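Only one structure is covered here, and it is reproduced in the block below.
The values are calculated or read from the model by the stated rules, or taken from the named source; none is laboratory data. These numbers were taken from a predicted model, which means no experiment stands behind them. No Cβ is skipped: glycine too gets one built from the backbone with ideal geometry, and neighbour counts run over all protein chains shown.
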Amino acid sequence: MIKYLIQKEIIIEYRSKESIISMITFSICLILVIAFLIDPLSSEFQKFLPGLYWLVYLFSSVLGFLRLYSSEKDNQAYNLLLVSPIDRGNIFLSKMISIWIFITFTQMITLPVFSIILNFNMPNNYVYFILFLLMTNWSVSAIGTTISAIGFRTKMSEVLIPMLLYPLLSPVIISAVQITENMLKGYDYVNYSLWIMIIFTCAIFFTLTGYLTFDTLAEE
Amino acid sequence: MNRFLDSSINKILFLIAIILSLIVIIIMTNKLDVQVNRVLQWPILYYHLPLALNTFIGCFLLAISSLLYIITRKNIWDIVAKSFAEIGFLFCFLVLVTGSIWGKLNWGVFWSWEPRLVSTLLLFIIYIVYFMLRNFSEYKERGSRLAAIVGIIMLVDIPIIYYSVDMWTPEVQLHPQRSIRDSDESITWILPIAMIAFFFVFITLFSYRFTIEKNYQDGKFE
């Protein structure tokens, strides 16, 4: 069943291209602002790049989370989804996996742009770096899907979702920045295993919380 | 209308809280004039650390009552959770304020961007969002339900605050490490008293807030 739900999300996104286009455009705007702000060729600037990359990522992914449920508000599509004979945990998982795909797709485009415009050297061990990015995306999408499910039913969803998302995402983003810095310096896994553990714990915790509480969250 | 001091449990709680707080204040004031530099160094441990640990306890109790609300859907657990959240929020705010004042005296700055301070600030922000969720929902029951889930999610910040001093090297941090109790012998016996005193203050305040909220929701206010 999850397969069809994910298929539905991807078809909607493929036809409307709402969240991916907005995320990519917003990321590129932010990258341009950063490039104008500070001279990207100076060597002192290089040490801030991991943090700036994850900042761009954080701001742009929020656009995706704001669209995640609100796109289904029209024509009561969300209520129809809830009354259909599907386990509600599966709805959460499908939303989570689809936003994970969208964020990863956005990252595939924005990371090269970031590295070209701001002269950002990618870490040498590509396999580990890509695995780390995928894991961070999983963690972020698990947190984001739970929070948007909480926030979008309130009167001030556009304000509440980012307000709740940033504090809860900050452990993940801080860990991601630390891991990227360590990877750029070519350090061994031992140096950043703690940070990986934090991201992994957040991913597991929020996937389980979202899966188990979505039934309660989705009630009228 | 139920008054706070009508119940005998509340009377006992109130008395224990007052007596223990007085004991802590007397110990603190006796310790103050031992050495001049100690005035700035150690008294913080008799209120800042107990406040912080009771914030953690408040978070745990909030999570438990939120979970019970989700499972049972009884309004009483919602009132319990709301009261715990408000007192926990107060304690979290006091942790930040007392820490900042102590930091200004010892470090020269009110705020330093380091892991433990930042993670405590995050807890404070999550508390604010918790109350926002309660107030900005379309109707009360939904607000309570959503807030209960945030109350459970909030628990993830507690181990982060507790272990945050281990994550960076001690050299780059100003905040004292967790092994501070080894540095002074008197701490080992005063700290538990202070913690129990603040715990009773916490529970008494909670009970007071609970009584008010219960009266309010039952429509018993005069």
Seminar exercise, completed: Filtering region A:137-152 down to residues that are facing chain B (nearest Cβ under 10 Å) and free of Cβ contacts under 8 Å to residues at least 60 places away in the same chain yields A:151
Exercise. For region A:196-209, does any single residue satisfy the condition of being at pLDDT 90 or above and in contact with a Phe, Trp or Tyr (Cβ under 6 Å, 6 or more places away or on another chain)?
Worked result: yes
For this session: Could you grab me the full set of residues in region B:108-140 that are at the interface with chain A (Cβ under 8 Å from one of its Cβ atoms), closer than 17 Å to residue B:94 by Cβ and part of a loop (DSSP other than H, G, I, E, B)?
Result: none
Exercise. Failed condition for residue A:168, given (1) hydrophobic (A, V, I, L, M, F, W, C); (2) crowded, with 23+ Cβ neighbours inside 10 Å; (3) free of Cβ contacts under 8 Å to residues at least 12 places away in the same chain, with all others met?
Worked result: (3)
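Conditions (1) within 14 Å of residue A:166 (Cα to Cα); (2) at pLDDT 90 or above; (3) in contact with a helix residue (DSSP H, G or I) (Cβ under 7 Å, 6 or more places away or on another chain), marked per residue:
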| residue | (1), (2), (3) |
| --- | --- |
| B:126 | yes, yes, yes |
| B:138 | no, no, no |
| B:153 | yes, no, yes |
| B:159 | no, no, no |
For this session: Mind listing just one residue for me: the one in region A:147-165 that is of a type outside the set (A, V, I, L, M) and at pLDDT 90 or above and, of those, surrounded by the most Cβ atoms within 10 Å (Cβ to Cβ)?
Result: A:148
